[in-house]
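The values are calculated or read from the model by the stated rules, or taken from the named source; none is laboratory data. Computed from a predicted model, the values in this text were never measured in an experiment. Glycine also receives a Cβ, built like all others from the backbone with ideal geometry; neighbour counts cover every protein chain displayed. Surface accessibility is based on the protein's heavy atoms, side chains included, excluding ligands, DNA and RNA. Shrake-Rupley method; radii C 1.70, N 1.55, O 1.52, S 1.80 Å.
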Amino acid sequence: MQLRSYFDENARFLRIDALSGETAQSTREAGWYPKDPEISVPVTDGLGDVTIRVAVGGKSWRKGMAPYSRTVRLSPTGTAYDAETGAKLPSDL
């Protein structure tokens, strides 16, 4: 799984966490966009959903601040859902 900022000028921090404990993060350095953090998630059911947590720090984010985060459920069909509300999320998977 990979989290991308798509060259958002306001992106300062990106993190992705899996329930299995895998985590990856990136911060904006010297004016460069954050690198796209990527993790590999073990899957035991190829037809089951995978749940991850994404965190994004925007324009006002500073080191040490808690970033905005959301738990996301990813379907093998390429559809993403908010894990707490079940609402379908915009996705380009």
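Structure values in brief
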item	result
Subset tally (residues that are surrounded by 16 or more Cβ atoms within 10 Å (Cβ to Cβ) and assigned to a strand (DSSP E or B)) for segment 56-93	7
Check on Arg53, surrounded by fewer than 16 Cβ atoms within 10 Å (Cβ to Cβ) and either in contact with a Cys (Cβ under 6 Å, 6 or more places away or on another chain) or part of a strand (DSSP E or B) (or both)	yes
Test for Ser40: is it in a loop (DSSP other than H, G, I, E, B), open to solvent by 50 Å² or more (accessible area, probe 1.4 Å) and closer than 14 Å to Leu3 by Cα	yes
Residues satisfying the stated conditions in segment 12-37, i.e. surrounded by fewer than 17 Cβ atoms within 10 Å (Cβ to Cβ) and outside any strand (DSSP E or B)	Leu19, Ser20, Gly21, Glu22, Ala30, Gly31, Lys35, Asp36
